[in-house]
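Input: a single structure, listed below in structure tokens.
The values are calculated or read from the model by the stated rules, or taken from the named source; none is laboratory data. These numbers were taken from a predicted model, which means no experiment stands behind them. Neighbour counts run over all protein chains shown; Cβ positions are idealised from the backbone, glycine included.
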Amino acid sequence: MDNVQLSPRQRQLVEANVGLVAVHIRRNVRGLGQPNRTREWEDLFQEGCIGLIRAARRWDAGSGIPFPAYALPRIHAAVSHALENRFTLVRLPRCSGSDPAQVARRRERAVTVVSMTDDPPDRRTERAAVAAAGREMISDRLREKYQAAVRRAGASFSRGRSRRSDRVELINRLIEEWLLVPKRESRIALRQLAREMKSSYARVAQCAKRLEEIVRDLLAEDEEFRVLSEESRGASLGTSAPVDADMERVLDEARMRRFVRRFGGASPEQRGVLLLRVLEASGEDVNTVAEGWFRRLPRSAHSALLNDGFPETGGASAA
């Protein structure tokens with residue numbers, strides 16, 4: 001149907017209303033103003049224009065519906081479909097349930113999502129080979145990162161003050177039934193959740209929005225997530241590309257940069273805690289490591305540490 005030529009009237013409708021596409025994307029798709037998101041903006045704009053063209057072909061002037069009102073839902077559907085199938089980093093439904101039939105249904109839906117891509121047959125075969133070999137893919141790491149960020153966001157948001165006793169329950173339900181459900185059509189409707197929680201829709205929507213903002217901030221600070229996202233854009237298989245040894249080295253460097261950045265911005269007390277945790281995680285004996293460091297110091301540093309380096313205990317035994 002997309003190859004059908006537009007009539008002069010239909011072409012005029014498209015040209016006069018093409019601004020609707022840009023308005024819809026600016027209002028409903030976040031983060032595309034960043035310099036590294038130019039390609040996504042252009043691709044989504046093209047998808048929205050396809051929805052606009054389809055609306056121009058099907059619109060009936062005698063229906064009494066203004067063309068912009070008729071076109072916007074079609075633009076929204078085209079952009080949403082592109083976001084779901086081309087730009088979403090994690091699309092596979094979670095298979096955490098214990099019911100074998102439920103797990104099988106979810107896997108069947110996951111296969112359907114993959115089969116709807118526009119990849120040529122040889123690329124789909126390559127994807128299937130990676131999955132069959134049991135190799136870890138970029139999508140696996142991205143999913144882990146996203147889920148961890150969601151959990152951290154929930155824990156952080158739950159610590160806030162609230163006059164409602166069901167705050168934690170609402171946050172947990174938003175996490176399990178909304179944020180961690182990849183397919184939008186499978187998520188619980190926020191209005192339904194508000195009814196079940198005996199709460200206002202505004203409160204539920206505000207909580208959902210705040211959780212999304214926290215997750216977005218956490219992922220923006222995660223150097224490894226950024227590297228994985230960039231690698232998926234440059235790989236021929238996208239997020240289905242395997243995490244090989246070369247990528248592991250790149251990710252190791254990303255983790256090191258993140259640690260150095262956090263360590264450099266920490267207070268002296270926080271640095272002490274971080275160093276202690278590093279030593280404990282390394283499996284080294286902390287006392288032995290500290291003794292070795294102390295031995296390598298000049299005598300003047302020995303005196304300073306012994307006299308001023310330990311915190312006051314407030315007892316006579318400190319002398």
- Query: Give me the pairs: first residue in segment 62-73 and within 11 Å of L52 (Cα to Cα) and without any contact (Cβ under 8 Å) to a residue 60 or more places away in the chain, second residue polar (S, T, N, Q) and surrounded by 10 or more Cβ atoms within 10 Å (Cβ to Cβ), beta-carbon distance under 9 Å, and six or more apart or on different chains, which are they?
  - Reply: F67/N17; P68/N17; A71/N17
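Being in a loop (DSSP other than H, G, I, E, B) and closer than 19 Å to A149 by Cα is the filter here, so list the residues in segment 174-206 that pass it. Steps first, please.
First, pick out the residues of segment 174-206 that are in a loop (DSSP other than H, G, I, E, B): 180-183, 187-189, 197-200.
Of everything in segment 174-206, those that are in a loop (DSSP other than H, G, I, E, B) and closer than 19 Å to A149 by Cα turn out to be L180, V181, P182, K183, R187.
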- What is the one condition in (1) modelled with pLDDT under 85; (2) surrounded by fewer than 15 Cβ atoms within 10 Å (Cβ to Cβ) that S232 does not satisfy? (2)
- Select from segment 237-261 the residues that are under 22 Å from L218 (Cα atoms) and among the polar types (S, T, N, Q) and list them in ascending order. T239
- Could you say whether any residue in segment 6-27 is more than 30 Å from L180 (Cα to Cα) and at pLDDT below 85? yes
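With respect to A281, determine if the residue is modelled with pLDDT of 85 or more, of a type in the set (A, V, I, L, M) and outside any helix (DSSP H, G or I). Break it down into steps so the answer makes sense when it comes.
On the way: modelled with pLDDT of 85 or more: yes; of a type in the set (A, V, I, L, M): yes; outside any helix (DSSP H, G or I): no.
Against the criterion (modelled with pLDDT of 85 or more, of a type in the set (A, V, I, L, M) and outside any helix (DSSP H, G or I)), A281 does not qualify.
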- Candidate set: segment 154-173, residues that are outside any helix (DSSP H, G or I) and basic (K, R); chosen: the one nearest to A205 (Cα to Cα): R164
- Item | Sole residue being surrounded by 12 or more Cβ atoms within 10 Å (Cβ to Cβ) and in contact with a Leu (Cβ under 6 Å, 6 or more places away or on another chain), chosen from V215, V243, V204, V250 | V204
- Query: Inside segment 186-203, can you point out the residues that are aliphatic (A, V, I, L, M) and closer than 13 Å to L174 by Cβ?
  - Reply: I188, A189, L190, L193, A194, M197
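Could you tell me how many of the residues in segment 156-185 are small (G, A, S) and surrounded by 12 or more Cβ atoms within 10 Å (Cβ to Cβ)? Steps first, please.
Applying the first criterion (small (G, A, S)) to segment 156-185 yields 156, 158, 160, 162, 165.
Those left that are additionally surrounded by 12 or more Cβ atoms within 10 Å (Cβ to Cβ): 156, 158, 162.
Result for segment 156-185: 3.
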